[in-house]
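What follows is a set of notes on a single structure, which appears directly below.
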């Protein structure tokens, strides 16, 4: 009893899982148990000569069979062969039950339809019709054989139960039609669900792609602004005196664009074993010297390497690339590799450490060039290296052009001096020599006349010499070059951005030293660019005043402004502000910013002429 009860409880639990079935299958199983309940009640309540224990035994066994078979159907509904076997076994069992409980008049004839309906749902429709015909034949034949009535023939029995058979046929047909419709609906629902899942996956992929695109676009815009700022920063840094500033600018922008903590640019000296320029994070002098020595040795090994290379310098990992043009190798540009996990000792075959005692030529075999792509984090380093190469090549060509101009000017001056001053001076010398020999024999009037001619010739030579010097002096050039360039730049900014822009330029710009003028232009360009890009201003005023002791610069806008105190406290000063500050400080100048949120920004710069720089200087 305990095992039977446990089996029934387990079967009931399985019955609860019928909710997982499709709609038509659930209806069929519901019909099975409803028909079982009704037919069992009719079987127990009708008058019968059978013992009560026999009747209850039949109902109990049939209930257990229903639970077991229903669970088997549920478990194997996708296995056609197993379903066929279960239907065959159940059909034979229920056919025997119908035969011994009244044949065609048995109340279980309605329960016998359950396998027929299941066959109509899970198998080919022919199985259900064959099953139904078999049930009807068994019910009629068993009734005729087990419960014969002399006055009723078999055809009369068929006519008498024609309505029952018609209901069974229509019920089977209805289930088949419903099953076919439900199968199509289920298939379409699955297709729609699959399409919905595909759309959701596609939508999710599109959302991720949009997010990545937004992040990439933001990074590209930020990188583009930084590259524009970098170009503005270096466009005036081309002279020999500004090579330190150029190195500092590229080291700073390498740190910013690659998002690394350390960066450097190393340039070999002009002479054998000459000095080099190195810009890295603050280190001791000994570390700087050792680092520069390592790079000097590495310089000879990377002459033919055109890809970024991983190396280990002083125990730390770095990514280094050569700065070159089509004809010249200029420098080594690199940054630390700590974010790639290369700060520690490199793995074998990936990065060969550049440390004694191995020879440098052997260590070169262990260096591995890093291939880059458009989405590679090495791309900013390559772009910076190319830009640096272009700028250094331009600087080289400008220096060559300057030497050519100087040489041409020297030749022109030599020609003028030879054709004019030299000839006159030669005439004066020759006339004095002749007069020195002949003056004792000449009358005083002739001597005076000769001296007058010599004096006029000497004065003409002196005037020609002064005229040449006058034309060579930059102070006597008719144009104010700085004012002209500022006007051109501000006119372009006004036309491109549609803002109101005023320039107040006063004083003699020739009072400033040549190296001060590029700084003034750079600060104006940087401040104006920041006001437009970040401040979103609509009005700008630029004041440049050359005084007796120095130059004063003011750039004021009506943009959104910011809080300089918060900016400094959070240590997020941008490269533009840092560049302006560094440029002004290289000339011992003062750099200040006054700004507030919603109230615009005022950039103030003051630089003294060299003779007035003692005790002067300071910055924000």
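The values are calculated or read from the model by the stated rules, or taken from the named source; none is laboratory data. Because the structure is a prediction, the values reported are computed rather than measured. Glycine gets a Cβ as well: all are built from the backbone with ideal geometry, and neighbour counts include every protein chain shown.
Yes or no: residue 499 at pLDDT 85 or above and farther than 30 Å from residue 612 by Cβ? Yes; evaluated as a whole, the condition is true for this residue. Restricting attention to segment 465-496, the residues being surrounded by 13 or more Cβ atoms within 10 Å (Cβ to Cβ) and either out of contact with any helix residue (DSSP H, G or I) (no Cβ under 8 Å at 6 or more places or on another chain) or at pLDDT below 75 (or both) number 5. Checking each residue in segment 241-269 for being within 16 Å of residue 323 (Cβ to Cβ), modelled with pLDDT under 80 and assigned to a loop (DSSP other than H, G, I, E, B) picks out only 269.
Quick one: which residue in 411, 436 is assigned to a helix (DSSP H, G or I), within 60 Å of the chain's Cα centre (by Cα) and more than 30 Å from residue 321 (Cα to Cα)? After ruling out the rest, the residue left standing is 411.
Residue count for segment 549-586 under the criterion of being in contact with a helix residue (DSSP H, G or I) (Cβ under 8 Å, 6 or more places away or on another chain), at pLDDT 80 or above and part of a loop (DSSP other than H, G, I, E, B): the result is 2.
Looking at residue 104, is it touching a helix residue (DSSP H, G or I) at 6+ places or on another chain (Cβ under 7 Å) and at pLDDT below 70? It is true that residue 104 is touching a helix residue (DSSP H, G or I) at 6+ places or on another chain (Cβ under 7 Å) and at pLDDT below 70.
For residue 518, the conditions (1) modelled with pLDDT under 90; (2) surrounded by fewer than 16 Cβ atoms within 10 Å (Cβ to Cβ) are fulfilled apart from (2).
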